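Student: One structure, pasted below without further comment.
Readers should treat all values here as calculations from the given coordinates under stated rules, not as data from a laboratory. No experiment lies behind these values; they were computed from the predicted model shown. Methodologically, a virtual Cβ is constructed for each residue, glycine included, from the backbone with ideal geometry; neighbour enumeration extends over all protein chains shown.
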Amino acid sequence: MPGKAKTPERNDVDPRSTWRLEDLFETEQEWEKAFSRAGEMIEAAGGMKGTLGESAGSLLKCLKLSDEMGELLGKVFVYAHMKSHQDTRDNAARAMADRATSLSVAASGAESFIMPEILAIPADRIEAFMRSEKSLEPYRFFLERIIRQRPHVLSEKEEALLAGSGEMANAPETIFSMLTNADMTFPDIVDEQGKNAPLTDELYGVYLQSRDRAVRKDAYEKLFDTYGSFKNTLAASYGATLRSTRFYASSRNYPSSLESSLFANNIPVSVYTSLLDAVHSRLDQLHRYVSIKKKALNLDNIAMYDLYVPLVEEPDANISWEKACEMVLEGLSPLGEEYCRTLSKGFSERWIDVYENRGKRSGAYSWGTWPVHPYVLLNFNGKIRDVFTLAHEMGHALHKHYSDIHQPFIYAGHSIFIAEVASTTNEALLLGSLRSKARNRQESVFLLNYLLEQIRTTVFRQTMFAEFEMAAHDMVAEGQAPTADTLGSLWLELNEKYYGTAIETDEGIRNEWSRIPHFYSPFYVYQYATGYSAATALSRGISEEGEPARKRYLEFLGRGESAWPIDVLKDAGVDMTSPEPVAQTLDLFKEALDELENLLG
């Protein structure tokens, strides 16, 4: 627990601070029975191949079996993997997780015929099925999403060829991952005590927050020098992703790689481009932030490796778990009694695995499966940042909870476009609560700096990433072959554009693009910026408007995937097709800058 010198073994942790996996399966024997039953259902699903167009009843029977199988597989998969995350050294749990993964792959293979067969059914016949079989009505939006893809689906033979190329298309990301995670090693740095210390990608982020500038500089230079020595290989792997994305977009008759990537969630291209325009119009405020940080840190010049260091030390508070829960409940009180009752239930009924133990997976996440309550993994350490992490993950958890209780299995998830909205809304409300209660100047500066860094890294920086992506994909569309030099020059140019003349750029920053794994999931990163902006608008509405905004927000949490994400947000009061939500976030950045400047004097 907080303050303990030695990390306990799993068996030594108080069960009251662990998650209750028995809510999924009381025993491993029950899990084994479910595993066997899921295998039988997979076999039954495979037997339905070729029948979906025969009748409304055949289609309904297959869709219902798919739901039942998905529900059971979800429980089997989540239980096994969370059990392995409790102690990654547990070989028996790891074996269960591997078996669950194999079962899930088998299920995907067995169901692979469903989408092609639905697409092969003429639209008027689908509509006739819907009229004759009322039990198909809940699947209307699910079917509409599939049918919408018809203009981009090819012949059976062409589809088979594209499917067969999938493993090759994934090769660039695999190469990137193996090179950067397995083969690439970094030289030691010299830490604050003057001793050699290991450098890894994960530790790099820790070193960049060091109060010792020499540590930050050493970590920065050694990390990017190492990436630079592999820049041609990394440019080749990323270039292959750019070309394969273009190939698939062109093959499926999309006008561009961007439109292909946005199509699945029905996101207008204007959402992407208006984000860039809005951020471009406020870059002067980011330049101002850099100048304020330079002055506050008393630096003659500010370099790229100075951007992440906090302006003041994190308040040294050994916050108990009970106090953290109280802080989160108080911070989220604007969401109403019902929400807070559910939150309290999560705290008291063992939805959360709280403390670190030997072998436990690092970090934090929220996970679960319909219709069982959500779970949260933490490694709580008693700091203010841990309290924010608790609020964030419980935002995810309650988003799932509301979706589960209001939607059937088929719509119980939510689009990646809105995946971070609830978690970030919780953080924004908590931050507002903590700022209103700040006890001294240090706490106020720390919390303001926390807010500014959230917006800098999530809105400004991720938008810069999105602009880089669009330019890189455009190079390929125009017949160019991006190289390490052209990509490095583009990255340097964007950093100078976003951070302004106050910052001192260097050759090392030319290599930063090569370490971003998200670029292998094309046009993904912009959603961090749009999600944060949506959360800002929602939290502000809840705080200022009260009950009407709260009611819309709780309805938003319960919508799941029953409608397009843009429409779900619009019904909650946030129109991401307009520039207003991003503008509100950038207004907040300026307001926080004004307040910080006054505090610093």
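Student: If you average 1/r over all unlike Cα pairs in the stretch 101-140 and invert the result, what Kirkwood radius do you get in angstrom?
Tutor: Values: mean 1/r = 0.0846 Å⁻¹.
Hydrodynamic radius (Kirkwood, Cα pairs) of the stretch 101-140 is 11.8 Å.
Student: Something else: List the residues, sorted by chain then number, that are 5 or more residues from residue 7 or on another chain and whose placed amide H is less than 5 Å from its amide H.
Tutor: Hits under the 5 Å cutoff: none.
Student: Nearest 10 degrees is fine. How inclined is helix 283-296 to the longest principal axis of the chain, computing both from alpha carbons?
Tutor: For helix 283-296, the angle is close to 40 degrees.
Student: Could you pull out every one of the lysines with an alpha carbon less than 24 Å from that of residue 400, ignoring same-chain neighbours closer than 8 positions?
Tutor: 64, 75, 83, 345, 360, 551, 570
Student: Scan around residue 375 for amide H atoms under 5 Å from its own, H built in the peptide plane at 1.01 Å from N, and keep only partners 5 or more places away or cross-chain.
Tutor: 367, 368
Student: Round to a whole angstrom and tell me the spacing of the C-alpha centers of the stretch 26-71 and the stretch 520-544.
Tutor: Their Cα centres are 37 Å away from one another.
Student: Mind checking the stretch 64-111 for trypsin sites (Lys or Arg not before Pro) that DSSP puts in a loop (not H, G, I, E or B) and that have at most 16 other Cβ atoms within 10 Å?
Tutor: 89
Student: Using a cut-off of 10 Å between beta-carbons, work out the net charge of the residues near residue 231 (Lys and Arg +1, Asp and Glu -1, residue 231 not included).
Tutor: Around residue 231, the charge tally is 0.
Student: Explain nothing, just compute: Karplus ³J(HN,Hα) = 6.51 cos²θ - 1.76 cosθ + 1.60, θ = phi - 60°, for every residue of the stretch 347-363 in order, whole Hz, x for Gly and Pro.
Tutor: Computed from phi, the couplings for the stretch 347-363 are 5, 8, 9, 6, 7, 10, 9, 7, 9, 5, 9, 4, x, 5, 4, 7, x Hz.
Student: Exactly which trypsin sites (Lys or Arg not before Pro) in the stretch 335-373 are in a DSSP loop and have at most 16 other Cβ atoms within 10 Å? Could the numbers behind the result be given before it?
Tutor: Values: sites: 341, 345, 350, 358, 360, 361; in loops: 350, 358, 360, 361.
Answer by residue number: 358.
Student: Same structure, new question: Any idea what angle helix 421-436 forms with the longest principal axis of the chain, computed on alpha-carbon atoms, 0 to 90 degrees, nearest 10?
Tutor: 30
Student: Return a whole-number percent for the relative contact order of the stretch 187-229, with Cα pairs under 8 Å and 6 or more residues apart as the contact set.
Tutor: RCO, the stretch 187-229: 36 percent.
Student: Just checking my list (1) 126; (2) 148; (3) 164 against volume of the Cα convex hull per residue in Å³ computed from this structure; which label fits?
Tutor: Structure-derived value, by its label: (3).
Student: Related question: If you fit an axis through the alpha-carbon atoms of helix 123-132 and take the longest principal axis of the Cα set of the chain, what angle between them do you get, 0 to 90°, nearest 10?
Tutor: The angle comes out at about 70 degrees.
Student: Can I ask one more? Say the dipole of the stretch 10-153 comes from +1 at the beta carbon of Lys and Arg and -1 at that of Asp and Glu; which of 48, 27, 129 then lies farthest toward its positive end?
Tutor: Looking along the dipole axis, the top candidate is 129.
Student: What is the stretch 178-263 by shape, rounded, prolate or oblate, if you read a ≥ b ≥ c off the alpha carbon gyration tensor as root eigenvalues and call it rounded for a/c under 1.5, prolate for a/b larger than b/c, and oblate otherwise?
Tutor: prolate
Student: HN-Hα J couplings of the stretch 393-403 from phi, Karplus 6.51/-1.76/1.60, θ = phi - 60°, integer Hz, Gly and Pro as x?
Tutor: So the Karplus estimates, Gly and Pro as x, are 5, 6, x, 4, 4, 6, 4, 5, 4, 5, 5 Hz.
Student: Still on this structure, please answer the following. Along the charge dipole of the stretch 10-153, pointing to its positive end and built from +1/-1 on Cβ of Lys, Arg, Asp and Glu, which listed residue (38, 114, 73) has its Cα farthest out?
Tutor: Of the listed residues, the answer is 114.
Student: I'd like the Karplus ³J(HN,Hα) series for the stretch 163-174: coefficients 6.51, -1.76, 1.60, θ = phi - 60°, whole numbers in Hz, and an x wherever there's a Gly or Pro.
Tutor: 4, x, 8, x, 5, 5, 5, 7, 4, x, 5, 5
Student: What's the center-to-center distance, using Cα atoms, between the stretch 203-274 and the stretch 552-569 in Å?
Tutor: Measuring centre to centre over Cα atoms gives 29 Å.
Student: Moving on. What nm distance separates the two modelled labels at residue 169 and residue 30, each placed 7 Å from Cα along Cα→Cβ?
Tutor: Between residue 169 and residue 30, the label points sit 4.0 nm apart.
Student: In whole Å, what are the extents of the stretch 187-229 along the principal axes defined by its C-alpha atoms, from largest to smallest?
Tutor: 28, 18, 16
Student: Run through the stretch 279-385 and list the GluC sites (Glu not before Pro) located in a DSSP loop whose Cβ has at most 12 other Cβ atoms within 10 Å. Write out the running numbers ahead of the final one.
Tutor: Details: sites: 313, 322, 326, 330, 337, 338, 349, 356; in loops: 313, 349, 356.
Of the GluC sites (Glu not before Pro), the ones in loops of the stretch 279-385 whose Cβ has at most 12 other Cβ atoms within 10 Å are 313, 349.
Student: If R₀ is 41 angstrom, what is the calculated FRET efficiency for the pair residue 381 and residue 92, using the beta carbon separation as r and rounding to 0.05?
Tutor: Plugging the Cβ-Cβ distance into 1/(1 + (r/R0)^6) gives 0.90.
Student: Here's another thing I want to ask about it. Run the numbers on the chain and let me know its relative contact order in percent, using alpha-carbon pairs under 8 Å that are six or more apart. Before the final figure, lay out each step's value.
Tutor: Details: 745 pairs, mean separation 114.8, N = 601.
Relative contact order here is 19 percent.
Student: I would also like to ask the following. Let a ≥ b ≥ c be the square roots of the eigenvalues of the Cα gyration tensor of the stretch 36-96; is it rounded (a/c under 1.5), or, if not, prolate (a/b larger than b/c) or oblate?
Tutor: In terms of gyration-tensor shape, prolate.
Student: Remind me, relative contact order of the stretch 1-135 in percent, using alpha carbon pairs under 8 angstrom and six or more residues apart?
Tutor: Once divided by the residue count of the stretch 1-135, the mean separation gives 30 percent.
Student: Could you pull out the pairs from 293/383; 134/157; 383/497; 295/590; 293/323 whose alpha carbons sit more than 27 Å apart here? Walk me through the intermediate numbers first.
Tutor: Working: 293/383 24 Å; 134/157 34 Å; 383/497 35 Å; 295/590 17 Å; 293/323 32 Å.
Distance filter (> 27 Å) returns 134/157; 383/497; 293/323.
Student: Here is a further query. Give, in nm to one decimal, the length gained when the segment between residue 158 and residue 501 is fully stretched (0.36 nm per residue of separation minus the Cα-Cα distance).
Tutor: 118.3 nm
Student: Specify whether the C-alpha gyration tensor of the stretch 104-193 places it in the rounded, prolate or oblate class, a ≥ b ≥ c being the square roots of the eigenvalues: rounded for a/c under 1.5, otherwise prolate if a/b is larger than b/c and oblate if not.
Tutor: The shape class here is prolate.
Student: Based solely on C-alpha atoms, express the radius of gyration and the Dmax of the stretch 10-153 in angstrom.
Tutor: When restricted to the Cα atoms of the stretch 10-153, Rg and Dmax are 19.1, 63 Å.
Student: With a Förster radius of 45 Å, plug the Cβ-Cβ distance of residue 440 and residue 277 into 1/(1 + (r/R0)^6) and report the FRET value to the nearest 0.05.
Tutor: 0.65
Student: Hey, can you grab everything whose amide H is under 5 Å from the amide H of residue 302? Only 5+ residues off in sequence or another chain; H modelled, so Pro and N-termini drop out.
Tutor: When sequence neighbours closer than 5 places are left aside, the close amide H contacts are 504.
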